[in-house]
């Protein structure tokens, strides 16, 4: 019987350039393995979900900011996805270019206490 690490060996180490979160990833792209009907809207760093034996389950770790090309995780304090992935520093710099809903979401994030 093969272990899950043999099914999806690590391709490299994903590391967020904002918060420093780092973990091995098993796939980079838009069509994760064993998830036949899934096509992601961006090229992402993905790992097999370690919390389930289901081979089709995966976790999206992060992607590149479409403006500055920094590698960022999907954490609320690091990035957001609005048609493309944006790091929060780029969103703040270009705040007026985003719809009102995104601007209000940014304000909510700013007011939330850090954990």
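Laboratory data are not the source of any read-out in this text; all were calculated from the coordinates shown. A quick note: this is a predicted structure, and the numbers were derived from the prediction, not measured. FYI the Cβ positions are ideal-geometry reconstructions off the backbone, even for glycines, and counts take in every protein chain you see.
Observations, loosely collected:
- Taking 0.692 mPa s as the viscosity and 37 °C as the temperature, the Stokes-Einstein diffusion coefficient of segment 21-73 based on its alpha-carbon Kirkwood radius rounds to 283 µm²/s.
- Among 26, 97, 79, the largest mean-square fluctuation in a Gaussian network model of the chain, built with springs joining Cα atoms closer than 10 Å, belongs to 97.
- Fewest-first ranking of 105, 54, using other Cβ atoms within 10 Å as the exposure measure: 54, 105
- Mean projected area in nm² (Cα convex hull; one quarter of hull surface) for the chain: 8.2 nm²
- Rounded to 10°, Cα long-axis angle of helix 100-111 versus longest principal axis of the chain: 80 degrees
- Calculated [222 nm] ellipticity per residue, helices only, for the chain: -5000 deg cm²/dmol; basis is -39500 (n - 2.57) per DSSP H run with n ≥ 4, divided by all residues, nearest 500.
- The chain, relative contact order [Cα under 8 Å, separation at least 6], %: 16 percent
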